[in-house]
Amino acid sequence: MLSIQTFLIVAVIKTLIALVVLLTAVAYTVWLERKVVGHMQNRWGPTRVGPFGLLQPLADGLKFILKEDLTPPHVNKPLYIAAPIIAMVFAITSIAVIPFGNPITVFGKQIPLQIADVNIGLLIILGITSMGVYGVALAGWSSNNKYSLLGGLRASAQMVSYEISLGLSLIGVLILAGSFSLKDIVDAQSGVFWGFIPKWNIFQGQIIAFFIYLCSAYAETNRIPFDLPEAETELVAGYHTEYSSMKFAMFFISEYANMMTVACLATILFLGGWHGPMFGPALLQAVLPLVWFGLKVFCFLFLYIWVRGTLPRFRYDQLMAFGWKFLLPLAIANLVITALVVAWTA
Amino acid sequence: MNPVATPFFFYLLSTLAILGGVMVIVRRNAVHSAIALIVTLLSVAGLYLMLYAPFVAGVQIIVYAGGIMVLFLFVIMLVNIDRSMKERAFNKQWWIAIAAAVALGALFVSVFVKSKGLFPERGLPLAEESNTQQIGLYLYGNYMFAFEIASLLLLVAIIGAVVMAKKRI
């Protein structure tokens with residue numbers, strides 16, 4: 001047990017590290033996306049700033065800060081300013097309950113690699129992501145612009161619809177692990193079947209749940225093929241049409257931070273978290289879990305970009321029909337079957 | 001770790017909840033009222049957390065703050081706010097409302113004063129780790145009937161909404 005002072009100090013340090021890592025990862029996910037999509041479309045992507053365009057995120061950030069911050073007339077000013085803040089705060093807060101690895105021992109004290117180990121971690125993440133809708137919805141309304149309003153309405157309808165299948169797809173994992181705590185869920189996935197297949201949830205019959213999670217997560221983060229809220233051909237830029245400079249950047253950061261959260265959650269719930277082959281000396285063994293975690297998150301993000309480079313956008317009625325008539329029944333069926341199997345074998 | 005600064009958090013969350021509640025009825029702009037209601041719901045979720053009920057707190061945020069209020073906001077966003085802002089926010093029911101509020105307050109105070117001996121000074125909280133499990137066991141055990149009735153009512157509401165919304169079934 002830590003005393004309250006050490007607890008606070010450790011928490012602040014962990015928060016700072018997590019924030020820096022998260023924001024850097026966000027910046028380089030943008031770079032990766034531009035590079036990968038560029039190569040998929042026979043272009044080079046960013047090449048000018050630094051080797052392989054690696055300093056491009058820095059240049060982008062500088063540009064965002066130095067640009068003039070326009071506030072159009074006729075907007076509802078308090079909400080217009082609050083909306084990007086709400087979006088970004090809720091996007092970043094969810095990193096607080098995500099575990100990155102086994103607890104490490106520093107100066108004889110056990111320190112979990114997680115800012116807050118709460119026993120309803122998954123519920124907290126679902127709650128925070130569902131609060132993130134307000135940023136988008138309020139941005140659309142307060143801009144006082146018909147394109148923004150339509151974008152905001154689409155975003156809130158889409159997020160509310162897909163949240164249900166998202167939540168239901170996670171319950172199968174919860175039944176298998178028997179806990180809401182993300183750390184316990186990862187621990188339940190350690191070990192292997194028949195000596196070589198890892199005991200990840202995706203190999204424990206939750207592959208349909210993973211598919212449902214994948215689709216709902218794309219819809220929740222407003223990414224192609226579900227990026228209706230910002231469909232350029234119909235809505236200019238959707239809910240952030242009226243936003244410029246750093247306020248626009250905040251929406252941008254929150255979108256990519258949400259992608260990171262979704263990727264971390266997929267890793268924890270379906271892909272076995274930080275478990276992977278362990279080898280080498282003690283120091284390497286201490287670092288390996290973090291490496292596996294990062295690698296899995298990277299693969300999930302790459303899939304995101306790959307899908308973006310491959311699939312076209314849904315039509316709005318197709319989007320709603322897919323969510324309510326296909327994903328939701330599938331999620332309920334998966335839940336019932338998982339519950340039956342668990343009850344049978346228990 | 002033992003709880004720290006509980007009175008501070010209790011009074012902070014209660015004040016936020018009450019302030020939000022007052023803002024809901026005082027603001028003329030319906031969107032502002034909706035946001036104030038979200039603040040109230042979130043503070044109540046914090047109070048549940050302080051009562052060692054993490055599951056209820058999480059569900060409060062997901063269902064009320066994240067689900068129902070989004071739909072409220074969705075409807076308000078489609079209403080012409082400019083016209084409704086020019087209308088008078090308070091009408092003649094004002095006095096009835098105050099009388100009802102005072103009566104309810106008096107009831108609360110009298111219950112609080114009279115039942116001092118009835119309730120234990122400090123309720124034994126459920127173990128935080130097994131809280132969610134306990135709720136599940138109670139819902140599907142002791143309170144099975146009430147739970148099923150509630151879900152039946154919700155089903156009726158869904159079917160009613162579909163029947164009313166769809167012209168031809």
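The values are calculated or read from the model by the stated rules, or taken from the named source; none is laboratory data. In this text, all values refer to a predicted model and were calculated from it rather than measured experimentally. Reconstructed Cβ throughout: ideal geometry from the backbone, glycine too, with neighbour counts over all protein chains shown. Ligands, DNA and RNA are excluded from the accessible area calculation, which covers all protein heavy atoms including side chains. Shrake-Rupley method; radii C 1.70, N 1.55, O 1.52, S 1.80 Å.
Figures for the structure shown
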| item | result |
| --- | --- |
| Peptide-level mean, for B:73-79, of C-beta atoms on other protein chains within 10 Å | 4 |
| Efficiency of FRET between A:Gln285 and A:Phe203 - r from beta-carbon atoms, R0 25 angstrom, step 0.05 | 0.60 |
| Base-10 log of normalised Debye intensity for the stretch B:129-169 (one unit scatterer per alpha-carbon) at q = 0.25 Å⁻¹ | -0.79 |
| Area hidden from solvent between A and B (accessible, protein heavy atoms only, 1.4 Å, total, Å²) | 2200 |
| Length added when fully stretched, B:Phe145-B:Lys166, from 0.36 nm per residue minus Cα-Cα | 4.4 nm |
| Formal net charge of residues neighbouring A:Gly53 (Cβ-Cβ distance under 13 Å; K, R +1; D, E -1) | +2 |
| Exposure of A:Ile305 as accessible area (Å², to 10), given a probe of 1.4 Å and all protein chains | 0 |
| The stretch A:317-339 versus the stretch A:1-80: alpha-carbon centroid distance in Å | 34 |
| Overall dimensions of chain A as given by Cα atoms, namely Rg and Dmax in Å | 20.9, 66 |
| Carbon/sulfur fraction of accessible area - the stretch B:129-169, other protein chains in place, 1.4 Å, % | 71 |
| Accessible area per residue in Å² at 1.4 Å probe, computed on chain A | 47 |
| A:Leu295 versus A:Ile81: modelled label distance in nm, points set 7 Å from Cα along the beta carbon direction | 4.8 |
| Along principal axes, Cα extents of the stretch A:26-80, largest first, whole Å | 43, 21, 18 |
| Anchor A:Lys63: lysines whose Cα lies under 30 Å away (excluding residues fewer than 8 positions away in-chain) | A:Lys14, A:Lys35, A:Lys77, A:Lys146, A:Lys247 |
| Residue-by-residue Karplus 3J(HN,Hα) for the stretch A:88-98, coefficients 6.51, -1.76, 1.60, Hz, glycine and proline x | 6, 4, 5, 5, 7, 4, 5, 5, 5, 9, 8 |
| Protein-protein interface of the stretch A:156-171, residues with accessible area decrease of at least 50 Å², isolated chain reference, 1.4 Å probe | A:Val160 |
| Accessible solvent surface per residue of the stretch B:1-87, calculated while the other protein chains remain in place, 1.4 angstrom probe, Å² | 58 |
| Accessible-area ranking of B:Leu42, A:Leu150, largest first, probe 1.4 Å | A:Leu150, B:Leu42 |
| The stretch B:129-169, accessible area per residue, ligands and nucleic acids excluded (1.4 Å, Å²) | 91 |
| J(HN,Hα) series, the stretch B:28-45, from Karplus relation 6.51 cos²θ - 1.76 cosθ + 1.60, nearest Hz, glycine and proline x | 7, 6, 5, 5, 4, 4, 4, 5, 4, 5, 4, 4, 4, 4, 5, 5, 5, 4 |
| Computed accessible area, B:Glu148, all protein chains, 1.4 angstrom probe, square angstrom | 80 |
| Listed residues A:Ile95, A:Ile268, A:Ile197, most fluctuating in chain A (Gaussian network, C-alpha, under 10 Å) | A:Ile197 |
| At most 14 other Cβ within 10 Å, DSSP loop - chymotrypsin sites (Phe, Trp or Tyr not before Pro), the stretch A:100-189 | A:Phe107 |
| Per principal axis, descending, Cα span of the stretch B:1-87 in whole Å | 53, 22, 12 |
| ³J(HN,Hα), Karplus 6.51/-1.76/1.60, whole Hz, each residue of the stretch A:45-51, x for Gly, Pro | x, x, 10, 7, 8, x, x |
| Exercise: per-residue mean of other protein chain Cβ atoms within 10 Å, B:60-68 | 5 |
| Dipole magnitude of chain A, debye to nearest 20 (Cβ charges: Lys/Arg +1, Asp/Glu -1, about Cα centre) | 420 |
| Solvent-accessible area, 1.4 Å probe, carbon plus sulfur percent, for the stretch A:70-345 | 73 |
| Per-peptide average of other Cβ atoms within 10 Å, ordering A:326-332, A:336-342 highest first | A:326-332, A:336-342 |
| Those lysines that a straight Cα-Cα span of less than 20 Å connects to B:Lys166, excepting residues fewer than 8 apart in one chain | A:Lys325 |
| Label-point gap, in nm, between A:Arg313 and A:Val342 - each point 7 angstrom along Cα→Cβ | 3.9 |
